[in-house]
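Here is the structure we will look at.
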Amino acid sequence: MRISAAVIMAVAAIVFSSPASVAGETVRVGMNKNLYEPRVLRIKPGTTVEWVNDEKRTSHSVFFEQEGLEESDRLFPGESWKRTFDKPGVYPYRCGPHPEMTGTVEVTP
Ligand SMILES: [Cu+2]
């Protein structure tokens, strides 16, 4: 039986799309249509998260307000910002100019 390339690609996409991360890895969070994608990200300690603005026009930021941290610079389309998470915990954040645009990073060992 022949297995088509499309089937192989589909299986590979499922296998390699696991949300779990490895320490030292960088995981991407997109910002598009006033949403963080994924909105809830689960990672291992030592993982770096890179937020990338995928919008055509709108700028966003990454603001861990509840931790009392300073807001990131305003990110224009194509720009990005990184943070490394070393300690397990739940890290809620929001966009500075769009308070309703929220996300969470869950760091679990
Ligand atoms: Cu925003």
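The values are calculated or read from the model by the stated rules, or taken from the named source; none is laboratory data. Small disclaimer: the values here were computed from a predicted structure and weren't measured. Note: ideal-geometry Cβ built from the backbone for every residue, glycine included; neighbour counts use all protein chains shown.
Being under 11 Å from the mean Cα position of the chain (by Cα), assigned to a strand (DSSP E or B), buried (at least 16 other Cβ atoms within 10 Å of the Cβ) and within 13 Å of the ligand (Cβ to nearest atom): is that true of V29 here?
Working: under 11 Å from the mean Cα position of the chain (by Cα): yes; assigned to a strand (DSSP E or B): yes; buried (at least 16 other Cβ atoms within 10 Å of the Cβ): yes; within 13 Å of the ligand (Cβ to nearest atom): yes.
When the stated conditions are applied, V29 passes them.
Would you point out which residue out of E70, E65 is of a type outside the set (G, A, S) and loosely packed, with under 13 Cβ neighbours inside 10 Å? Full working, then the answer.
On the way: E65 fails: loosely packed, with under 13 Cβ neighbours inside 10 Å.
Only one candidate qualifies: E70.
Which members of the stretch 21-55 meet the condition of being under 16 Å from T102 (Cβ atoms), of a type in the set (D, E, K, R) and touching a Gly at 6+ places or on another chain (Cβ under 8 Å)?
Of everything in the stretch 21-55, those that are under 16 Å from T102 (Cβ atoms), of a type in the set (D, E, K, R) and touching a Gly at 6+ places or on another chain (Cβ under 8 Å) turn out to be E37, R39.
When you check V15 against the structure, is it farther than 14 Å from G96 by Cβ and either touching a Pro at 6+ places or on another chain (Cβ under 8 Å) or at pLDDT 95 or above (or both), yes or no?
Working: farther than 14 Å from G96 by Cβ: yes; either touching a Pro at 6+ places or on another chain (Cβ under 8 Å) or at pLDDT 95 or above (or both): no.
For V15, the condition - farther than 14 Å from G96 by Cβ and either touching a Pro at 6+ places or on another chain (Cβ under 8 Å) or at pLDDT 95 or above (or both) - is not met.
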